[in-house]
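Enquirer: Have a look at this one before I ask anything.
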Amino acid sequence: QVQLVESGGGLVQAGGSLRLSCAVSGRIFSIDDMGWYRQAPGKQRELVATMTSRGSPNYADSAKGRFTISRDNAQNAVYLQMNSLKPEDTAVYYCNADVIDQGGSIRTRAYWGQGTQVTVSS
C-alpha cells in the first residue's frame, strides 16, 4: 500500500505565498515523476508542475515564474513553493506520484493524495 499526504494549504491574500508539501509512504520500490495538480469547482483537474526523478521540471504556463517545484528523493517527498498568488490560483491541490511498488510489478501506477485547499482572497 502506498499513501500520499499533502500539507501546507490555507487561506492567503493575493500576492502572498504558500508552500505545499507531500510525503509518500508505503511499499515503495521507486518513484518516477512526481507533481502537483489542482481542481477548482466546476473545472477539470489540471497540471500545475511536475518533476522527474532526475530533477527535470515541467510547469503550466500559469505557474511559470511564480511557482517552484522541488523534491527530496531520499524522503520520497515533493514540494511546491507558490509565490505571488492570485485569486485564480484558488483550488484543491493534489499531489501525484508515479510509483513502482514492492509487489513485483515493473510498471508505474499513479497515486494521488487527498488534496489540500488553497484559497487566495482579493
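The values are calculated or read from the model by the stated rules, or taken from the named source; none is laboratory data. All values derive from a computational prediction rather than experimental measurement. So basically every Cβ, Gly included, is an ideal-geometry build from the backbone, and we count neighbours across all protein chains shown. Side chains are part of the model used for accessible areas, which takes the heavy atoms of the whole protein and leaves out ligands, DNA and RNA. Shrake-Rupley method; radii C 1.70, N 1.55, O 1.52, S 1.80 Å.
Enquirer: Just to make sure I understand: if all protein chains stay in place, what is the order of Thr52, Thr108 by accessible area at 1.4 Å, largest first?
Expert: Ranking Thr52, Thr108 by accessible area, largest first, yields Thr108, Thr52.
Enquirer: Let me ask something else. Return the single residue from Lys64, Lys43, Lys86 with maximal mean-square fluctuation; model: Gaussian network over the chain, springs between Cα atoms under 10 Å.
Expert: It is Lys43.
Enquirer: Report the full-extension gain for the segment Asp61 to Glu46: residue separation times 0.36 nm, less the Cα-Cα distance, to one decimal in nm.
Expert: 4.3 nm
Enquirer: How much of Trp112 can a 1.4 Å solvent probe reach, expressed as accessible area in Å² and rounded to 10?
Expert: Accessible area, nearest 10 Å²: 100 Å².
Enquirer: Oh, and also: For Thr50, what accessible surface area do you get with a 1.4 Å probe? Give it in Å², rounded to 10.
Expert: 20 Å²
Enquirer: Turning to a different aspect of this structure: If you rank Leu47, Leu20 by how much accessible surface each has, with a 1.4 Å probe, what is the order from largest down?
Expert: Of Leu47, Leu20, the descending order of accessible area is Leu47, Leu20.
Enquirer: Follow-up. For Gln81 and Arg109, FRET efficiency with R0 = 35 Å and r from the beta-carbon atoms, rounded to 0.05?
Expert: Calculated value: 0.80.
Enquirer: While we're looking at this one, here's another question. Each residue of the range 104-115 in order: what ³J(HN,Hα) in whole Hz does its phi give by Karplus 6.51 cos²θ - 1.76 cosθ + 1.60, θ = phi - 60°, with x for Gly and Pro?
Expert: Each residue's phi maps through the Karplus curve to give x, 6, 9, 9, 7, 10, 7, 10, 10, x, 7, x Hz.
Enquirer: Further, regarding this structure: With all protein chains present and a 1.4 Å probe, how do Val120, Val5 order by accessible area, largest first?
Expert: Val5, Val120
Enquirer: Gain in length, Ser25 to Ser122, computed as 0.36 nm per residue apart minus the alpha-carbon separation, to one decimal in nm?
Expert: Length gained, Ser25 through Ser122: 31.3 nm.
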